[in-house]
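What follows is a set of notes on a single structure, which appears directly below.
The values are calculated or read from the model by the stated rules, or taken from the named source; none is laboratory data. Because the structure is predicted, anything quoted here is derived from the model rather than measured. We place every Cβ from the backbone using ideal geometry, glycine too, and count neighbours over all the protein chains shown. Heads up: the accessible areas ignore ligands, DNA and RNA and are worked out on the full protein's heavy atoms, side chains in. Shrake-Rupley method; radii C 1.70, N 1.55, O 1.52, S 1.80 Å.
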Amino acid sequence: MSAKSYRSELVGLFGYPVDENPTVVMIEAGFRELGLNYRYNTMEVRPGDLEIAVKSLKALGYKGANCTIPHKVEVLRYLDHIAPDAEIIGAVNTIYLKNGETYGENTDGKGFIVSLHDGGVEIKGRNVVVLGAGGAARAIAVELAMAQAAHITLVNRDESRGKVLTAILTDRTPVKADFVLWDHTYQIPAGTDILVQATSIGLYPDTGCPNIDYDTIQSDMVVCDVIPNPPQTEFIKKAKARGARTFDGLGMLVNQGRIGFKLWTGKDAPVEVMKEALAKEFVE
Ligand code: NDP
């Protein structure tokens, strides 16, 4: 009989502000379901303290951590290794430790790709439109490019942000990409296979909708929203009303958590349990 251990394995989240981030609910529901003696600590880390926080992961024997606002870009400077896609995206949201060294991954875009794969949606050779050019759009667009999408049209209100992301895709990935300045009601081009809403429009309590011509959404398009709360955004509702197949931001969020869960524990995450736990925290 082995001696009883009173020590838990530790993972967590660095952010500022971070108090209202519900990731702990999702990840710990997964730990409970699998009977794992792990804890997920939500930690307020101020910007000036990020370096010491990352170094502390080693000293405290953490298995890893998530990074959220405002640390996703800055954290690259303090990691021992960065995954190639995270390096192109320029942001890390998941750290894991292996042999005493820190590894950075970006699971935001990967979670999105996993959602589509699970739904049987082919990405290779597809024409994609991405609304937005912020952090989420960047992660998704790079992963779509790496999954061999044929063409990505980026549509963004701020010209310089849109052009910077277009250049990253064109210069550093095999995809063909172009940019459309979003200063008008955007018409989704015929021949679009996948439409991704990757702006912050529609995040609770905002009930807004992106400025597109909804009549140009066709029933054979796959339409995705990154907004996890509420999962059924006005955008998703309108796309459904046009007969399109939809993927919500809650699924993407759970799938990005699923990737971190596996990196930290070595176990497959109980996705449905985690999704249910998280959905309860959100407004419907
Ligand atoms: P950023 O602040 O980096 O980017 C916001 C983007 O939204 C920009 O492209 C911005 O355009 C655009 N935007 C905001 N308001 C408007 C508007 N009124 N009209 C047109 N464009 C607008 O945020 P993130 O990319 O980090 O996050 C975006 C959303 O993604 C958040 O709501 C977040 O909750 C969600 N998210 C979901 C994840 C998931 O797993 N489901 C993971 C990560 C994020 P401009 O450049 O012109 O300002």
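Taken over segment 1-79, the percentage of Cα pairs per 5 Å bin, counting from 0 up to the bin with the maximum distance, is 3, 14, 25, 21, 17, 10, 5, 2, 1, 0. Taking every protein chain into account, the 1.4 Å probe leaves Lys275 with about 60 Å² of accessible area, to the nearest ten. Segment 164-216 to segment 80-136: how many Å between their Cα centroids? Going from one Cα centre to the other spans 18 Å. Exceedance of the 30 Å cut-off in Cα-Cα distance is limited, within the set Lys4/Lys280; Lys110/Lys176; Lys72/Lys238; Lys238/Lys267, to Lys4/Lys280; Lys72/Lys238; Lys238/Lys267. For the chain, complete DSSP H runs whose alpha carbons reach 20 Å or more along their own long axis and whose mean Kyte-Doolittle score is -1.0 or higher are 249-265.
Using r as the Cβ-Cβ distance of Tyr214 and Asp171, and R0 as 25 Å, what FRET efficiency do you calculate, to the nearest 0.05? It comes out at approximately 0.15. Summarised as an ellipsoid, segment 109-247 has semi-axes of 20, 17, 14 Å, derived from the eigenvalues of the Cα gyration tensor scaled by 5 and square-rooted, with the largest first. When Rg and the Kirkwood Rh are both derived from Cα coordinates, the Rg/Rh ratio for segment 208-252 amounts to 0.94.
Send over the per residue convex hull volume for the chain, Cα only, as a whole number of Å³.
136
Rounded to two decimals, what ratio of Rg to Rh does segment 2-48 give with C-alpha atoms and a Kirkwood Rh? So for segment 2-48, dividing Rg by the Kirkwood Rh gives 1.09.
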